[in-house]
Amino acid sequence: MTAIAPRFGPQLIRLLLVTAVLTVGLLGALAGTASAHAALTGSDPKDGAVVDVAPREVTLTFSEQIAMGDDSIRVLDPSSKRVDVAKMRDLSQGGTVRYAVGLKPGLPDGTYTVAWQAVSADSHPVSGAFTFSVGAPSATTATVPGQEAGGGLVGTLYDTVRYISYAGFILLVGGAAFVLACWQRGASVRPLQRLVVGGWVTLTAATLVLLLLRTPYTGSGKLGDMFDLGGLSDVLDTKTGAALVSRLLLLGAAALFIAVLFGAYAKRVTEAEAESEQDGEGNAEAGKAKADLAFGLGLGGTVVAAGIAGTWALSEHASTGIQTGLAMPLDVLHLLAVAAWLGGLVSLLVALHRVPDLERAAVRRFSRIAFTSVVVLAVTGVYQSWRQVGSWDAWTDTSYGQLLLVKIGLIAVLLGAAWFSRRWTGLLGEDAKTAEAGADAEAGIDVAEETAEEDVAEAGTAADPERAAQLARQRTALATARKKRDRDADTERSGLRRSVLIEACVALVVLAVTTALTGTEPGRTQEKEVSRTGTEAAAPAPARPVNLTERFDTGGTKGKGTLRLTIDPASPGTNLMHVWIDGPDGKPMDVPEVKVAYTLKSQQIGPLPVVPERLAAGHWSAGNVQIPMPGDWHLQVTVRTSDIDQTTIEKNVKIG
């Protein structure tokens, strides 16, 4: 809830409007490179190759580090029977990521299908397939069984548990922060204790389940494999496995923090309140002891919370791509701000519903913390959006951009509900105090009447235990009804409670969208956006690889997509060229033909044709591109999506 003190009203609104305009402008102006999912960059045998003799093994080379299980690479014969044997071998060395799987000896002629699945360094599932033939292609090829990595029941369960883990983190960190920073007396309130402890239990259980699910999630997709100890050992060697284990260790420290918060600290707060009614050294000593313990808890809790948030930053989007040294700390700040805001919001809602004597000052303190959290979220969110989206078209043409727009819309609704909460907070003033005084007087009358009734009934119940138990139940019901009546009679508090409830409900949806975003392909992948000026643009600076990204539309069915091209080292002599074709959804898009030609118009050289070789669906490569001299070369890339639909993309690139 972002309830702000009234004196900031008009100025704050203007500030937020200006910030929003600057944010939109910044998103459109900035450009850079972000991480992509891992991609298959080569294989032996190559896709579509026809070899005379059956190979002893199949090797696959990837663009970045991946997580794979023993069953991640399958080789199928024309009748869909597996012909791979033994355990998959990791042949990675230096910066090359390569895996191999052995084949049965004496394979007959025919077409073989290689299906693979893995999880990228940023936790995204990836998969693919290609074929090669021995002797000659066969009339039929195998049907690839199973689902993609990260799909099916295991994928759904994994995503659900990830959502639960985020929710547990928010309740744990946000609830503890609400008690320490906003309402210290809440340390001895049972509902808030149950909320924070419930967050710890939820996050701990979810982390354990995620650790067990990593084996089927990255491998076979069979739920029963989550108890495979060998697979669990392999998971512990991965970055994600190490992050999950670190999270469990930090949760052990969090358990100690909770014990002190609701034990020694709650006792200190109670003693300080008792001493506050007296003057003298006892009051000062109790207050100092409470302040020292609160400082220690605040410092230690912040370190533990940041460490737990860091386990997400270490294993998801922030840990890959450019500027990871900046992206990861900002991601930690983003998660902490979310927890302080949304977790504090749930804590406030619980206090408003279950605690009749929540002080107005506690609501005010949370208002300031919530406002600070929103500012942090805005700053870190702008950076994350720039890093992952990258262009205006990506907002609407990619799943990541669309989800991000939904999240922004939900946050706007959340801030609208928070504005109403601010209005109700402002009304919790003298009127509320007057209403409380009237309620206290009325309650005093009720207590007097009840006492009189007890005196009359006491003599008759002394010898009748059953009658005494009945009267006790009646008194409990009467007290509950009186508490509900007093609570509902407070119009301002009821209005605040309703608006906070709406905020909490919207926050649950925001959390779901955020979870989906962390598992979605970023809007911009391994690219450097080229500025569009209406004329042919120059490529990157000399002596550096050329990276081009262009959208195309051949005009036919399924004719829209994105072309990415790299030339390395972009200097005279032999160069390596890669071409990727992606569909509107960011997934590889297979097209019938890709042709490239280079022309140096100033020297009347060219066009020099290059016919890249198809490595996999949506990926072409040429390893011996000869460029005779430096200069501004005119590049033409022709993409054909059907027998009659094609388009040519033209750009100037600087070589040497």
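Data table
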| item | result |
| --- | --- |
| Burial ranking of peptide ranges 581-590, 192-201 (average Cβ count within 10 Å, highest at the top) | 192-201, 581-590 |
| Distance between modelled label sites at residue 470 and residue 405, nm, 7 Å Cα→Cβ extension | 6.8 |
| Size of electric dipole in the stretch 153-244: Cβ of Lys, Arg +1 and of Asp, Glu -1, about Cα centre, debye, nearest 20 | 480 |
| Stretchable slack from residue 86 to residue 292, in nm (0.36 nm times residue separation minus alpha-carbon distance) | 68.1 nm |
| Surface accessible to a 1.4 Å probe, residue 601 within the full protein complex, Å² | 130 |
| Theoretical gain in end-to-end length, residue 650 to residue 153 [0.36 nm per residue, Cα-Cα removed] | 174.4 nm |
| Heavy atoms of residue 505: accessible area, 1.4 Å probe, square angstrom to 10 | 70 |
| In order through the stretch 167-178: 3J(HN,Hα) via Karplus (6.51 cos²θ - 1.76 cosθ + 1.60), integer Hz, x for Gly, Pro | 4, x, 4, 5, 5, 5, 6, x, x, 5, 5, 4 |
| For residue 88, solvent-accessible area (1.4 Å; no DNA, RNA or ligand), Å² | 20 |
| Net charge over other residues, Cβ less than 15 angstrom from the Cβ of residue 606 (K, R count +1; D, E count -1) | +1 |
| Sequence ranges 565-572, 614-621, 293-300, ranked by mean other-Cβ count within 10 angstrom, highest first | 614-621, 565-572, 293-300 |
| List 605, 258, 408, ordered by accessible area with a 1.4 Å probe, largest first | 408, 605, 258 |
| Cα lying deepest toward the dipole's positive end in the stretch 161-251, options 246, 161, 182, charges on Cβ | 182 |
| Charge tally in the Cβ shell below 13 Å around residue 157, where Lys, Arg are +1 and Asp, Glu are -1, residue 157 excluded | +1 |
| Centroid-to-centroid separation of the stretch 87-110 and the stretch 254-274 [C-alpha atoms, Å] | 58 |
| For the stretch 560-608: rounded, prolate or oblate by the Cα gyration tensor [a/c cutoff 1.5] | prolate |
| Two-site FRET efficiency, residue 576 against residue 194, from Cβ-Cβ distance with R₀ of 45 Å, rounded to 0.05 | 0.15 |
| Counted charge near residue 135, where neighbours are those whose Cβ lies closer than 10 Å (Asp, Glu -1; Lys, Arg +1) | -2 |
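The values are calculated or read from the model by the stated rules, or taken from the named source; none is laboratory data. Predicted, not measured: the structure shown is a model, and the values here were computed from it. All Cβ positions, even for glycine, are placed from backbone atoms using ideal geometry, and neighbour counts span all protein chains on display. SASA here: full protein model, heavy atoms, side chains in, ligands and nucleic acids out. Shrake-Rupley method; radii C 1.70, N 1.55, O 1.52, S 1.80 Å.
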